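This report refers to the structure that appears directly beneath it.
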Amino acid sequence: MTERAATYKEVFAVREYRYLFGAYLLSLAGDQLTAVTVAYLVYTGTGSAALSAAAYASSYLAWLTGGPLLSGLADRFPRRRVLVGCDLA
């Protein structure tokens with residue numbers, strides 16, 4: 001029996017996945033909007049493009065440091081509780 005990859009239609013046919021994917025997109029859009037807004041506020045306050053770029057780049061610090069350091073803890077707890085806890089934090 002040969003296994004085949006799932007199609008996008010099959011994946012998005014699962015209601016729970018559609019909700020999870022939509023929540024992820026909304027969260028990602030909110031994160032990007034926040035990063036752009038902070039960079040804009042820094043630029044308008046200081047007039048420095050370098051400080052504005054540093055402010056935007058700082059939005060990735062959580063991914064760069066938290067991911068490798070905290071990923072081991074995420075596997076020890078129920079996934080849904082970790083997702084909700086991280087969103088609330």
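Every number here is computed from the coordinates shown, using simple stated rules; none is lab data. This structure is a prediction, so every number in the text was calculated from the model and none was measured. Neighbour counts are summed over all protein chains in view; Cβ atoms, including those assigned to glycine, are modelled from backbone coordinates with ideal geometry.
In table form, for the structure just shown:
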item	result
Highest-first arrangement of 36-47, 2-13, 64-75, where packing means the average Cβ count within 10 Å	36-47, 64-75, 2-13
Furthest towards positive pole of dipole, T34, Y17, C86, structure part the chain, Cβ charges	Y17
Dipole moment magnitude, nearest 20 debye, the chain about Cα centre, only Lys, Arg, Asp, Glu C-beta charged	260 debye
Hypothetical label at A54: residues of the stretch 7-45 whose amide nitrogen lies under 19 Å (7 Å Cα-Cβ projection)	35-45
Charge tally in the Cβ shell below 13 Å around E16, where Lys, Arg are +1 and Asp, Glu are -1, E16 excluded	+4
Kyte-Doolittle at least -0.5, axis length at least 30 Å by Cα - qualifying DSSP helices, the chain	15-46
Added length on full extension, which subtracts the Cα-Cα distance from 0.36 nm per residue, T37 to A62	7.3 nm
Cα pair count fraction exceeding 20 Å, expressed as % - the chain	57 percent
Packing rank of 21-30, 54-63, where each peptide gets the mean count of other beta carbons within 10 Å, highest leading	54-63, 21-30
Residue-averaged [θ]222 nm for the chain, counting only DSSP H segments that reach four residues, each worth -39500 (n - 2.57)	-22500 deg cm²/dmol
Gain in span if fully extended, A74 to L28, counting 0.36 nm per residue against the direct Cα distance	14.6 nm
Given charges at Cβ of Lys, Arg, Asp, Glu: the chain dipole, positive-most of T44, T7, S58	T7
